[in-house]
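The values are calculated or read from the model by the stated rules, or taken from the named source; none is laboratory data. Since the structure is predicted, the reported quantities are computational estimates derived from the model, not experimental observations. Every residue, glycine among them, receives a Cβ derived from its backbone with ideal geometry; neighbour counts consider all protein chains shown.
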Amino acid sequence: MDRALAADARLGRQSRIVTARRLLDERGVLLGLVVVAATFGVLIGPQFFAAANLELMARQTAIVCVAALGMTMVIVAGGIDLSVGSIVALSTVVTALLLRHDSSGSGALLAAFAALAAGAVCGALNGVLVTQLRVVPFIVTLGTMLLVRGAAKGLSGERRLEAPATWLNELLRTAQNGRGLLLPSGIWLTAALAVVVALTLQYTRFGRHLFAIGSSERTARLCGVRITRTKIAVYTVAGALGALAGVLTFSKLSVGDPTVAIGLELDVIAAVIIGGGSLLGGRGSIIGTIAGAAIMTIIQIGCSQQGLPNWVQQIVTGAIIVFAVALDRWRSKTQS
Amino acid sequence: MAEAVGAPRLEMRGVGKRFGATIALDGADLTVHPGEVCALVGQNGAGKSTLMAILAGAIAPDEGTMRIDAVPYAPRDPFESRRAGVAMIHQELSLAPHLSVMENIVLGIEPVRHGFVQRRRMRDIAIDAMRQLGHDDIRPDAQVSTLQPAAQQLVEIARALATGCRVLVLDEPTSSLGPADVRALFDLIGRLKARGMAIVYISHFIEEVKAVSDRFVVLRDGRNAGDGVTAAASAADIVAMMVGRTLDDMYPRGARTAGEPMLQLDRVVPGSATLTLHRGEILGIAGLLGSGRTRLLRAIFGLEPVTSGAIVVGAYSGPATPHDRWRQGVGLLSEDRAGEGLALGLSVADNMTLTSLEPLGTSFAVLPSRQLAAASRWIDRLGIRCAGARQTVGELSGGNQQKVAVARLLHHDVDVLVLDEPTRGIDVASKAQIYALLDELVCGTGDRKAVLLVSSYLPELLGVCDRIAVMSRGRLGPARPVEEWTEHSLLMHASGARAAS
């Protein structure tokens, strides 16, 4: 009897641990987001959640978010893209160059699309190199990171390119003074893209194939998934999304700057990892990624508004990345 | 052999272990004497692996006691069990592939002086251990990754000897060995036994258990289901204890008639294979490990290049990718379930439906509701034991994983099933279920299939197939009706001794 009771108690404890792990698996990042936000809410006070402050944070997050949408897909497929920061820089340069020729409304649209095309070409190059040379993506994109950065510098003649103001500069401008629909158009664009990418990952053949390739490339090949085609496609999309992040960057800077966004790829990768993505592939979600990006922004803005120096903010962000991955190891123990 | 007398070397009593709601072990006993080979048998999920993991200190038991040479033994980690003289040789070897043979043998017990490894003593220890095994032909400097699987296994056993092991556990040691290596291993086990080693031998193959063990212990559902002296028990007795009932007919066979050709090979290289597979028949390919059977199947499926020859599938001929083959109605079941056959990190539903997502939604969409419904149908149909279609495949037992891999071919509704070792490493009950399923697929009047079956297990080929061809040294022989073959003649052909048969 006693033994049975002890066994029951043990069973109860174990199943509670298992439940806790499952819960973290599903909603761990969102929980983390709430905890981080609440912490700064308590430290700073209710004004931390004022509409203007929330909008500020959204505007800060948008650039990393857009690039991280592509990165999530790449990481789900078991790859990585280190060239995204350079693509952002190239994109600002291309946009500025074209705006100097034609700064009308349609000219601005053309400039933005040209930047997206340039990003897509860089992404496609990544995809082709990864699939044809069979070199690991980390090395390929380390190479293209330098290559694209160099191209951006060459195109701009190694200087910042001033460009005439167009509607592109409004993309991330605040909507607090009654302009725009509650939020800047760039935020709406980001949100819409996030929904599209999330649906693509979960509910399309392309998305399911990405998970299959990332989980086990050999299985995917056996099952007739066209690996080369799918990988080139995912790197191309990631390149285009990186370029869109570049257009948003341009909108904020209003100059084409070949030295902008150095190291941005690490923020982007961190957002995906905090959001539950696995560098081994096969796991990752858009909701998680966005929450991961938001956590980093909240820490950044919260720390500066609290008057904490930059180094504190970096330590906290670093700790959270390590903690998130440790948590990931812990919850994957339920599977073994 | 001699009836076990004196104190047991290893004594496990009333060992229990729960994982969450699952009772893995419910008071299991195991006793092994010095100089004795004790076979531990049972179906997948019977608790063998858990019991051995407890012995190895990898997991802690909830209850029960263990003694080694009458000394209480409760290892807190694998290192403690190793120091107590317990060594395990697993199915998947645990060697460092980039290190040399001698570095592997002394791994963890490196002879050091003043913090420096003494290479000469290391070499002596390695040479001594290999000599004890009677295999001084393996050079201590050779890099382990360059050795054959059989030689790698010897290195592991040598490591066990070098660490002064008293209890040796061999877990499915023959799964990657050919017949000659198996014989050599059995000889070695005999010599180790003569030196007073206590050996626990785990295998799915009753023939092996009969050949190598003195006693056997059967586990079923975490409890002891029987034990005895091996020489006094028949294979049927042991299987009956494992399944808890007698398997009257392992290989059902309905009325089969061959229909039109579904797959034709004409002098296909690799394999120099010429054969025709018809609707409504099971064609077996026998052959030794490494004879090129798997390569031939992979070439048929477009996973490896076809050097010459022609492959015709129905109305299609010419080169094809795996993608094309699935569309032509051909499905391949890989021999490497964990590495290739299944994406272990994905759900049951994802794994089953990966090849044919098209019917699960309009245009490029995949509707999860339809995906889950499709998967649930196959889970019911094949009796797959899982928590649902969303469960990760890696969490299932081997037999259930294999059923998921088979279900993929059924869900895709392929006409030609190309199966590479479909029953490797799975329990008897699952095997029987797969045999029954195969028979069902090729019999009947409706939409009959064709099956190309590669297997190393001869009774299975003889029991299931209509025709069998033998692959030997990379060449496929002619397919002959199953009645013309015996286990003996298959083996003779496979080992290249045609003239003698």
Residue A:152 vs. criteria away from chain B (no Cβ under 14 Å) and among the hydrophobic types (A, V, I, L, M, F, W, C): yes
Residue B:254 passes all but one of (1) buried (at least 22 other Cβ atoms within 10 Å of the Cβ); (2) away from chain A (no Cβ under 14 Å); which number fails? (1)
Residue B:218 - would you say it is closer than 30 Å to residue B:313 by Cβ and either assigned by TED's automatic domain parsing to the domain that holds residue B:299 or surrounded by 17 or more Cβ atoms within 10 Å (Cβ to Cβ) (or both)? no
The residue from B:11, B:80, B:36 that alone is more than 17 Å from residue B:216 (Cα to Cα), outside the structural domain of residue B:337 (by TED's automatic domain parsing) and among the charged types (D, E, K, R) is B:80
Checked B:488, B:493 against criteria (at pLDDT below 85 and either closer than 26 Å to residue B:428 by Cβ or part of a helix (DSSP H, G or I) (or both)); the one match is B:488
Name the residues in region A:233-245 that are crowded, with 24+ Cβ neighbours inside 10 Å and of a type in the set (Val, Ile, Thr), would you? A:234
Restrict the check to region B:184-199 and report whether at least one residue is at positive phi and in contact with a Pro (Cβ under 9 Å, 6 or more places away or on another chain). yes
So is residue B:76 farther than 15 Å from residue B:11 by Cβ and away from every other protein chain (no Cβ under 14 Å) or not? yes
Count, please, the residues in region B:342-356 that happen to be touching a strand residue (DSSP E or B) at 6+ places or on another chain (Cβ under 9 Å) and within 20 Å of residue B:450 (Cα to Cα). 1
Identify all residues within region B:326-346 that are part of a helix (DSSP H, G or I), modelled with pLDDT of 95 or more and more than 9 Å from chain A (Cβ to nearest Cβ); write none if there are none. none
If the requirement is being outside any loop (DSSP other than H, G, I, E, B) and either closer than 30 Å to residue B:336 by Cβ or not assigned by TED's automatic domain parsing to the domain that holds residue B:221 (or both), which of these qualifies: B:52, B:66? B:52
Would you be able to say whether some residue in region A:216-235 is within 20 Å of the chain's Cα centre (by Cα) and not in a helix (DSSP H, G or I)? no
Just a yes or no: is a residue in region B:150-163 part of a helix (DSSP H, G or I) and more than 26 Å from the chain's Cα centre (by Cα)? yes
Considering only region B:347-358, state which residues are within 8 Å of chain A (Cβ to nearest Cβ) and in contact with a Gly (Cβ under 8 Å, 6 or more places away or on another chain). B:355
Could you identify the single residue in A:230, A:200, A:219 that is hydroxyl-bearing (Ser, Thr, Tyr), touching a Ser or Thr at 6+ places or on another chain (Cβ under 9 Å), within 14 Å of chain B (Cβ to nearest Cβ) and crowded, with 19+ Cβ neighbours inside 10 Å? A:219
Just one listed residue, out of B:87, B:7, B:96, is part of a loop (DSSP other than H, G, I, E, B), within 29 Å of residue B:231 (Cα to Cα) and either under 23 Å from the mean Cα position of the chain (by Cα) or at pLDDT below 90 (or both), and it is B:7
Would you confirm whether or not region B:446-459 contains a residue that is assigned to a helix (DSSP H, G or I) and out of contact with any helix residue (DSSP H, G or I) (no Cβ under 8 Å at 6 or more places or on another chain)? no
Give the residue, chosen from B:136, B:128, B:141, B:124, that is surrounded by fewer than 17 Cβ atoms within 10 Å (Cβ to Cβ), part of a loop (DSSP other than H, G, I, E, B) and modelled with pLDDT of 85 or more. B:141
Within region B:165-185, can one find any residue that is surrounded by fewer than 17 Cβ atoms within 10 Å (Cβ to Cβ) and farther than 23 Å from residue B:289 by Cβ? no
Could you check how many residues of region B:93-130 are over 16 Å from residue B:158 (Cα atoms) and charged (D, E, K, R)? 3
Pick out the one residue from B:287, B:302 that is within 28 Å of residue A:229 (Cα to Cα) and either out of contact with any Asp or Glu (no Cβ under 6 Å at 6 or more places or on another chain) or buried (at least 19 other Cβ atoms within 10 Å of the Cβ) (or both). B:302
Within region B:359-418, track down each residue that is within 13 Å of chain A (Cβ to nearest Cβ), out of contact with any Cys (no Cβ under 7 Å at 6 or more places or on another chain) and in a loop (DSSP other than H, G, I, E, B). B:361, B:362, B:363, B:364, B:366, B:367, B:387, B:390, B:391, B:414
Regarding residue A:100, is this residue outside any helix (DSSP H, G or I) and on the phi < 0 side of the Ramachandran plot? no
For region B:27-52, which residues satisfy the criterion of being within 14 Å of chain A (Cβ to nearest Cβ) and at pLDDT 90 or above? B:27
